[in-house]
Structure formats: C-alpha cells, structure tokens
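In what follows, a structure is listed as structure tokens, so that the remarks can point back to it.
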Amino acid sequence: MSKQLIILTGPTGIGKTDLSLDLAQMLGTEIISCDSRQMYHQLKIGTAPPSHEQLQRVKHHFIGNLNVTDYYSAGRFELEVLDLLNSLFEKYTKVLMTGGSTMYVDALVNGIDDLPSADLAIRQQVKSEMEEKGVAAMVDRLRIIDPEYCETADLSNPRRVAKAMEIFLMTGRKYSSFRTATAKQRDFEIHLIGLNMNRDELYNRIDHRVDLMLEAGLENEARQMYPYRELNALNTVGYKEFFDYFDGQYDRDEAVRLIKRNSRRYAKRQLSWFGRYPQMVWFDKSETDKLKNYVAQL
RNA sequence: GGGGAGAUACCAAAGUGGCCAACUGGGGCAGACUGUAAAUCUGCUGCUUUACAGCUUCGUAGGUUCGAAUCCUGCUCUCCCCA
C-alpha cells in the first residue's frame with residue numbers, strides 16, 4: 001500500500017481541529033499540524049490550538065514547539081515535515097496533516113525552492129533603506145539587479161521587493177535565479193481535502209470564537225506578549241490589535257471589532273489561496289460523514 | 001401648538017448649479033502571493049455578463065434652468081428646542 005499524506009485544510013474557525021481528531025483516530029495515525037502560529041507555545045488562547053485533552057487523544061506534531069523569539073519559516077517547515085514523515089511512514093501508511101497556513105500547506109504540496117535562511121541583519125538593513133528612501137527607489141535598484149523578477153513580481157508589495165533585495169544582498173545572486181518554477185516530486189501521495197461552509201455562517205463562527213477567546217483571557221495573554229510585539233510571531237491577528245489598543249491608538253471595543261474583522265478577512269484570503277489547487281476535494285461542513293467516508297476509502 | 005435642523009448608494013458621511021454614478025471611511029466581494037505568510041499587496045462595490053459605452057439615481061411630486069444631489073414650491077418622514 002502506498003504512503004499517503006492526507007491534508008485537511010480550510011479557513012480559520014471552521015472546525016478542522018475536531019474533525020482531524022476523528023479522522024486520525026479512524027485512521028489510527030498521528031497529526032502533523034500545519035499552523036504557523038499554533039507552533040508558538042506562548043500563544044495558547046489567541047491561536048486556538050488543540051486542547052490538552054485533544055493532544056492526549058492523538059499525538060500531534062508542531063504544536064507549541066517554538067518560542068515566540070525563535071526564527072521560523074515555511075522553508076524550514078517543509079524540511080522538518082519531510083524528515084518527520086520519513087519516520088512516521090515507517091509506522092503508518094497514512095499520516096494526517098491539518099491546518100490552514102496556506103504557505104505551509106503549499107510548502108508540502110508543491111515544495112519550496114532552496115533558498116538561504118533569512119539574515120536578520122540584512123533584513124533590517126533593507127527595511128531601513130526602504131523606509132528612508134521609499135519603495136519606489138528600492139524597485140529602481142531591483143530593476144537593475146533582477147529585471148526578470150521585476151517583470152512578474154507585484155512591485156507594489158514592499159515585502160516582495162524587500163525579499164528579492166535581501167536575497168541578492170545575502171548571496172550576490174538574483175532572486176529569480178533561485179526560482180525553479182517546478183513542483184517538487186514526493187515519494188508519497190498527497191490528498192488535499194478542503195472544508196468549507198456558507199460564508200455568513202463561517203463569519204458568525206469566527207466572531208463567536210473571538211468572543212470565547214476574550215472570555216478565556218486573550219487580553220491578558222496579549223499583554224504578556226506585549227514586550228515581544230515587534231517579533232514576527234506576534235504580527236498575528238488577536239495580538240497586534242490589542243497592542244495598538246495598549247498603545248492608546250483606539251479603545252478596547254475597537255480592538256475587538258478589528259480582531260473579528262481581520263479574522264474574517266484572513267479566512268477569505270485562505271479560501272482565495274486554496275482556489276489554486278484543482279486537486280482539492282471540497283466538502284461542506286455539514287457533510288462530515290461524507291468526508292469521513294471519502295477518507296476511509298483512500 | 002410654535003420655532004429650528006435634516007432627509008445622499010449596505011452603513012456613516014462629503015458634495016450646495018456643469019469637472020457627479022457622486023470624495024472619504026466602515027462593511028462587503030473578488031483576486032495576487034515560493035522562507036516574515038494569522039504576513040504583505042491589488043482590483044471592485046447603482047444597473048447593463050465586458051465597457052474610454054449606455055441606462056436609472058441623491059425622501060417624494062412638481063417647477064426654474066441650456067444644465068439640478070445642489071435653486072424654488074407642495075407633500076411625507078426624522079431629530080432638537082419651546083409650549
């Protein structure tokens with residue numbers, strides 16, 4: 001029987017966690033979490049990781065395994081998951097992956113080209129220069145260095161421009177030269193399963209979940225993370241809005257409103273991204289039995 | 001009962017004779033995105049499947065004008081103050 005990585009994904013707040021436990025138990029396997037923020041052990045309330053009981057029920061990987069001060073990336077995730085998969089496939093023919101971090105999903109589905117890890121000093125340098133001289137000036141520089149990339153890149157997006165410049169400064173090679181534009185081959189099958197539901201209902205669920213997080217003490221958790229607010233791990237919905245509130249930019253009600261709105265928008269962006277996978281098999285939230293049957297016959 | 005203010009697109013709000021299908025913000029929709037990705041960015045949001053095109057809009061019914069969301073009159077409604 002061939003090895004299979006079954007990926008259950010979908011927008012935030014739709015109920016992937018609960019379903020993934022049922023699926024994992026049904027398959028008698030373990031779960032690889034694919035969530036870029038549930039990896040930080042300090043973010044217990046705002047990222048809605050599986051509960052202690054849930055973690056007891058099924059063995060999970062990549063939950064609470066990082067400190068917010070750790071550097072991490074989708075590229076590392078790909079390598080670590082592949083490594084883990086090697087050992088898991090010795091025990092199981094099927095492994096379940098679940099989570100909604102689009103880029104991390106893609107790191108497995110299509111793979112990411114080999115690129116050096118970020119050099120934070122150079123990143124800071126690029127950021128400062130961009131703030132000083134503007135994005136347009138940086139784009140001008142990049143056009144000379146890497147015209148190929150500039151042809152296809154979204155040059156109005158500072159992150160894209162900065163990344164390409166960063167890579168050049170680190171390696172002396174243009175960013176486009178690292179890009180192979182080919183999906184990596186895996187020695188296991190990948191099955192993509194998407195969970196979706198009526199948009200209004202999803203948004204209601206998201207809003208409600210934020211209320212539950214607030215009751216559970218999200219504000220206090222955010223306050224504890226306040227000293228780390230500049231770290232990427234804290235550039236996260238549920239925390240960044242509280243930081244601005246703590247800074248006096250707006251009142252608490254506004255912070256809550258923004259957390260809900262930004263969570264909804266995040267869910268929408270996830271759905272846009274998932275639209276790129278023609279192989280994704282979609283199920284409505286109301287069809288979990290059908291989904292389980294589908295997984296059972298894989 | 002008397003006096004005053006106002007009615008603009010899903011919401012808020014600007015516009016006070018032509019540059020207005022109507023600023024802006026909110027909300028929403030759609031999308032892009034190969035290492036910071038719960039990030040970052042883009043487009044749309046009266047109708048016409050597309051539009052440098054056409055059509056119907058700014059409470060409502062008329063009027064003035066070459067031309068009205070903008071001026072005038074009646075009506076309806078809302079809010080505030082005095083009784």
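The values are calculated or read from the model by the stated rules, or taken from the named source; none is laboratory data. Keep in mind it's a predicted model, so treat the numbers as computed, not measured. Backbone-built Cβ (ideal geometry, glycine too); neighbour counts: all protein chains shown.
So the values come out like this:
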{"item": "Failed criterion for residue A:86 (all others in (1) touching an Asp or Glu at 6+ places or on another chain (Cβ under 9 Å); (2) farther than 19 Å from residue A:22 by Cβ hold)", "result": "(1)"}
{"item": "Residue A:79 vs. criteria within 11 Å of RNA strand B (Cβ to nearest atom), in the same structural domain as residue A:226 (by TED's automatic domain parsing) and over 21 Å from residue A:237 (Cβ atoms)", "result": "yes"}
{"item": "Segments classed as helices (runs of 4 or more DSSP H), wholly inside region A:30-146, with at least 2 members that are in contact with a Ser or Thr (Cβ under 9 Å, 6 or more places away or on another chain) and surrounded by fewer than 17 Cβ atoms within 10 Å (Cβ to Cβ)", "result": "A:74-91"}
{"item": "Count of residues meeting criterion [surrounded by fewer than 16 Cβ atoms within 10 Å (Cβ to Cβ) and among the charged types (D, E, K, R)] in region A:153-178", "result": "3"}
{"item": "Of all residues making up region A:180-197, the number that are out of contact with any Lys or Arg (no Cβ under 8 Å at 6 or more places or on another chain) and surrounded by fewer than 14 Cβ atoms within 10 Å (Cβ to Cβ)", "result": "5"}
{"item": "Sole residue being within 16 Å of residue A:233 (Cβ to Cβ) and modelled with pLDDT under 95, chosen from A:71, A:104", "result": "A:71"}
